[in-house]
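Worksheet: the structure to be examined is printed underneath.
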């Protein structure tokens, strides 16, 4: 091949051109409305947070008063157990509570900011070294006890 054909087959390498400042400003201007909408949404969610919920930590023994609606009738059901997990934050915060009911372990997830949760009482704080206490699922009887904090 001659040198002319080789040069025609080679593709020129394009270098990235720096964007003018006006183009960069347009990108920021386009992102701003979504940020404003997200900020308004966060502010709305912050207003809906409940202030009557106590500070809950993993390992706490709780008494949760939960409103149950069955067949058009409404009643309050109490659920006593140990908090084994806390998930999320803000408006979507949930706790997983585990109790032993007639020899069978039962776990239930409660949304903290729900209007169905009437109130939460903390019976005792216990000493734990983990954020999630899923290891309690494997333990039975006295082995599943946690030491109380004083």
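The values are calculated or read from the model by the stated rules, or taken from the named source; none is laboratory data. Note that the coordinates shown come from a computational prediction; the quantities given were computed from them, not determined experimentally. FYI the Cβ positions are ideal-geometry reconstructions off the backbone, even for glycines, and counts take in every protein chain you see.
Structure values in brief
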read-out	value
Test result for residue 83, buried (at least 16 other Cβ atoms within 10 Å of the Cβ), assigned to a strand (DSSP E or B) and without any contact (Cβ under 8 Å) to a residue 60 or more places away in the chain	yes
So residue 76, is it more than 22 Å from residue 128 (Cβ to Cβ) and not in a helix (DSSP H, G or I)	yes
Residue within region 95-104 that is at negative phi, exposed (fewer than 10 other Cβ atoms within 10 Å of the Cβ), over 17 Å from the mean Cα position of the chain (by Cα) and at pLDDT below 90 present	yes
Flag if residue 128 is out of contact with any helix residue (DSSP H, G or I) (no Cβ under 9 Å at 6 or more places or on another chain) and either under 18 Å from residue 63 (Cα atoms) or loosely packed, with under 14 Cβ neighbours inside 10 Å (or both)	no
